[in-house]
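The values are calculated or read from the model by the stated rules, or taken from the named source; none is laboratory data. It should be emphasised that the depicted structure is a prediction, and the values quoted were computed from it without experimental measurement. Heads up, the Cβs are rebuilt from the backbone with ideal geometry, glycines too, and the neighbour counts pull from every protein chain shown. Protein only, heavy atoms only, side chains kept; ligands, DNA and RNA dropped before computing areas. Shrake-Rupley method; radii C 1.70, N 1.55, O 1.52, S 1.80 Å.
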Amino acid sequence: MKARIVVVSGDGIGPEVTDAATAVLQKVATKYGHEFSFEDGLIGGIAIDKTGSALPDETITLAEGADAILLGAVGGPKWDNPAAAVRPEQGLLKIRKHFDLFANLRPVKTYPALAQYTPLRPEILENVDMLFIRELTGGIYFGHRQEQGDGDTAFDTEQYSVPEVARVAAVAYRAAEGRRKKLTSIDKANVLASSRLWRRTVVRLNEDYPEVALEHVLVDAMTMYMMTRPASFDVLVANNIFGDILTDEASVLAGSLGMLPSASLSGGTMGLYEPVHGSAPDIAGQGKANPTGAILSAALLLRYSLQLEEEAKAVEAAVDATLASGARTADITPRGSAYVSTTEYAQAVIEGI
Ligand code: NAD
């Protein structure tokens with residue numbers, strides 16, 4: 001098949017990890033007889049420097065006709081001024097909003113060889129394989145807010161409509177159907193009206209996906225279960241703020257931030273794929289970046305935007321084999337031991353494919 005992929009690599013280690021991911025996609029194209037084209041667009045700090053905007057219109061126009069967007073990371077000390085009118089992360093919010101990317105998918109898997117890099121006991125990490133789905137364009141981050149009077153009081157509003165909940169729940173149910181058929185919905189329905197609407201809607205949708213076993217867990221309890229029995233979860237779905245917090249907590253399970261991929265989807269096949277980590281300015285340009293999160297994001301791109309499941313699995317298997325072979329980037333190597341560079345690691349994955 002032919003596919004047009006727009007690459008917005010951004011700042012810091014962004015370009016290093018997207019280079020690794022596009023090299024992997026290129027290998028997939030050659031091996032399986034596809035034709036992928038890659039076009040570069042600007043986002044983040046580098047876009048501000050060159051155009052004055054964190055997401056120039058040219059990037060949006062470029063991405064509009066594309067099959068998928070591959071993103072690196074944005075930000076860095078040069079642009080770290082919370083009071084500045086134009087900031088790198090505005091590019092992220094704008095691109096998510098523009099393409100109505102309401103479902104953020106974050107798979108979290110553990111690798112036995114990396115157990116020593118987590119603070120948890122190895123037996124808790126056995127067989128962890130979950131898919132977290134966070135609602136990304138609604139809720140309290142986008143609700144009505146106000147600081148009142150002389151700044152002594154303030155409020156933010158958590159608001160959801162049935163269609164907003166139903167569309168992200170449908171993504172979660174479909175994902176669960178293709179996996180172990182278990183869905184955990186996270187809310188705070190014992191206290192919040194918006195959570196009761198969330199729960200009602202998720203329950204109603206279960207009628208359309210009768211094979212999926214649905215359970216509800218309150219968000220406070222979920223923070224404990226994530227650390228005490230993570231292997232018991234398959235697909236999880238949560239609102240924007242609960243998902244934000246819980247996915248960061250879940251990232252501890254994988255051993256390094258550098259390991260985790262994500263996909264942000266709208267109703268169709270168009271999606272944005274990016275590693276979970278930031279621009280890591282402390283290691284940028286040193287060949288120390290772990291490209292696994294970006295490479296596994298490329299696998300999600302193959303799966304969700306191009307419907308190339310076999311190819312996606314081949315990339316994931318090649319990452320597993322690379323780690324099993326002992327190849328390690330600096331972040332997953334004991335201090336003082338030898339490690340491979342970003343490009344050497346990517347090359348090992350490419351050979352694995
Ligand atoms: P970060 O994720 O960039 O880095 C946190 C720590 O993890 C650092 O020590 C870094 O070296 C390490 N790390 C991150 N990714 C790694 C990888 N692939 N391989 C090896 N080590 C890795 O978070 P931060 O330091 O809080 O933020 C740095 C900049 O990134 C800030 O400007 C922040 O605003 C931005 N940021 C961007 C995104 C995004 O683009 N989605 C997300 C988070 C932070």
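Observations on the structure shown:
- Going through (1) within 16 Å of the ligand (Cβ to nearest atom); (2) not in a strand (DSSP E or B) one by one, residue 274 falls short only on (2).
- Screening residue 297 against (1) in contact with a helix residue (DSSP H, G or I) (Cβ under 6 Å, 6 or more places away or on another chain); (2) within 22 Å of residue 351 (Cβ to Cβ); (3) buried (at least 19 other Cβ atoms within 10 Å of the Cβ) leaves a single unmet condition, (1).
- Residue 134 vs. criteria in contact with a helix residue (DSSP H, G or I) (Cβ under 7 Å, 6 or more places away or on another chain), without any contact (Cβ under 8 Å) to a residue 60 or more places away in the chain and buried (at least 16 other Cβ atoms within 10 Å of the Cβ): no
- For the range 326-343, filtered to residues that are aliphatic (A, V, I, L, M) and surrounded by 15 or more Cβ atoms within 10 Å (Cβ to Cβ), the residue that is nearest to the ligand (Cβ to nearest atom) is 330.
- A residue that is within 30 Å of residue 21 (Cα to Cα) and surrounded by 16 or more Cβ atoms within 10 Å (Cβ to Cβ) occurs somewhere in the range 218-226.
- The C-beta contact set for the range 140-151 (first residue among the β-branched types (Val, Ile, Thr), second residue open to solvent by less than 80 Å² (accessible area, probe 1.4 Å), distance under 9 angstrom, 6+ apart or interchain) comprises 140/157; 140/158; 140/194; 140/239; 140/240; 140/241.
- Residues in the range 326-353 that are assigned to a helix (DSSP H, G or I) and either touching a Phe, Trp or Tyr at 6+ places or on another chain (Cβ under 7 Å) or among the charged types (D, E, K, R) (or both): 330, 331, 332, 344, 351.
- Summed over the range 278-325, residues that are part of a loop (DSSP other than H, G, I, E, B) and more than 16 Å from the ligand (Cβ to nearest atom) total 4.
- Pick from the range 331-353, criterion hydrophobic (A, V, I, L, M, F, W, C) and at pLDDT below 95, ranking: nearest to residue 280 (Cα to Cα): 332
- Contacts under 6 angstrom Cβ, first residue in the range 226-255 being touching a residue at least 40 places away in the same chain (Cβ under 8 Å) and closer than 21 Å to residue 137 by Cβ, partner acidic (Asp, Glu) and buried (at least 22 other Cβ atoms within 10 Å of the Cβ), 6 or more apart: 239/135; 240/135
- On inspection, residue 78 fails the criterion of being out of contact with any strand residue (DSSP E or B) (no Cβ under 8 Å at 6 or more places or on another chain) and away from the ligand (no atom under 13 Å from the Cβ).
- Helices (runs of 4 or more DSSP H) enclosed by the range 189-264 - at least 1 residues per element that are at pLDDT below 95 and not assigned by TED's automatic domain parsing to the domain that holds residue 14: 240-251
- Note on the range 64-116: among residues that are among the aromatic types (Phe, Trp, Tyr) and not in a helix (DSSP H, G or I), the one that is modelled with the lowest pLDDT is 111.
- Here residue 282 fulfils each of the conditions (1) without any contact (Cβ under 8 Å) to a residue 24 or more places away in the chain; (2) acidic (Asp, Glu); (3) crowded, with 22+ Cβ neighbours inside 10 Å apart from (3).
- Hits in the range 117-155 - residues which are in a strand (DSSP E or B) and either assigned by TED's automatic domain parsing to the domain that holds residue 261 or not aromatic (Phe, Trp, Tyr) (or both): 129, 130, 131, 133, 134, 135, 145, 146, 147, 148, 153, 154
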